[in-house]
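Remarks on the structure that follows.
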């Protein structure tokens, strides 16, 4: 039987899409295969230009494999017709990664929300146990960038639905689906296809593999009932891990969402037989990732949370249910199919402050459930909130910046949006 790496070695390969993952695929394979490059945008890098071929050249050529970047949507790109005729040849950088490192232990993490945070916690815990562990994938570090890999190297891989969409051979002994709610439907067309894409992680597993899934997630439960999977399914919830969770004093884990993320880490730690003492010590020190339910200020009667990464209602609901006197700031470009499912009785202590391009969508979705105001921009939102805090003099206030929307109407990305929020907050705190 052929060794897995021969799937790509010495083959004629087209790499389509030259973002981080495409460039990493090129660098990894350049001495192993005959490579050609294409991108919808103009290529500036002289090293990449040498391998660039035109659309007309692509249509005349015969490729053994096509590696496409996660951002490429086959239905909406310059090579759409060509790709649809060659679906069987399409692979991803995850497939290349697996073909060369299939013998290494890996933990793959997907879900609509919480992937990056869960992956980072797990990475830090494995590091504390003196393991050679690499954090790769959708978190911003392409799988093929890693160097000095040995047979003992363990990979923690954050995987998005875009990465799973076209993957064919990637699999992982340990897989997590943290949660599922409607997301990226403009790409996946409908919710069923989105769910199926997430479940490719579990479908690829064998009988000696483990799949960790959220116990009380309706969409996950429905999918699990629809068919039998080979791997051992472990249903994760916070109640099961209550005794361990109550030992944690780190404020980062006071939200329901972060407790759920942490429960996944605790469950896999049992399977990996990690040392409990080091596990707890690492969790207590964990500071979280920027712009993901990040507490940026906590003093006297005020807590400020920057959750700029939030792009859907689902990721915010847990926090709204458990907090009091919340000034909730949201707005931007809403996701197709997004619904706000909290009932009015859960929102007595919440006021919504809406800004951004799609204000009307958010007003329509929330007006019967929560008190709301709308503004032209974020600066005016904060001006009003700080005025109310000074005026009302309540015992505790929480400013929650959780936009539940993409940022591209006013910002480059969620990081840019988060930094701008921090800048404004700093200005207002100086005036208190």
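Every number in this text was worked out from the coordinates using simple rules, so none of it is lab data. On a predicted model such as this, the values are computed, not experimentally measured, just so you know. Please note: Cβ atoms are built from the backbone with ideal geometry, for glycine as well, and neighbour counts cover all protein chains shown.
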Compute the acute angle (0 to 90°) between the alpha-carbon long axis of helix 414-429 and the principal axis of greatest extent of the alpha-carbon atoms of the chain; round to the nearest 10°.
-> 20 degrees
Where is the GNM fluctuation largest for the chain (alpha-carbon springs, 10 angstrom cutoff): 69, 80, 106?
-> 80
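Rg(Cα) of region 294-429 divided by 2.2 N^0.38 Å? Please list the in-between numbers first.
On the way: Rg = 13.6 Å, N = 136, 2.2 N^0.38 = 14.2 Å.
The value comes to 0.96.
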Cα-based shape type of region 10-91, given that a ≥ b ≥ c are square roots of the gyration tensor eigenvalues and the cut on a/c is 1.5 | rounded
Bin width 10 Å, alpha-carbon pairs only: give the P(r) of region 163-241 as whole percents, running from 0 to the bin holding the largest distance.
-> 18, 51, 28, 3
Specify the angular offset, from 0 to 90 degrees and rounded to the nearest 10, of the alpha carbon long axis of helix 378-392 from the longest principal axis of the alpha carbons in the chain.
-> 30 degrees
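Calculated from DSSP H runs of 4 or more alone, at -39500 (n - 2.57) each and per residue, what is the 222 nm mean residue ellipticity of the chain, nearest 500?
Values: 18 runs with 157 residues, N = 432.
When only DSSP H runs of four or more count, the value is -10000 deg cm²/dmol.
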In terms of the ratio Rg/(2.2 N^0.38 Å) built on C-alpha atoms, what value belongs to the chain?
-> 1.04
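Of all DSSP beta bridges in the chain, what percent run antiparallel (nearest 5)?
Working: 7 of 59 bridges.
For the chain, the DSSP antiparallel bridge percentage is about 10.
Grab the beta carbon distance between residue 233 and residue 56, set R0 = 45 Å, and tell me the FRET efficiency rounded to 0.05.
On the way: r = 49 Å, r/R0 = 1.09.
Using R0 = 45 Å, I get an efficiency of 0.35.
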Using every Cα-Cα pair within region 60-213, state what percent have a distance larger than 28 Å.
-> 20 percent
Tilt relative to the chain, helix 276-285 - C-alpha long axis, 0 to 90 degrees, to 10 = 60 degrees
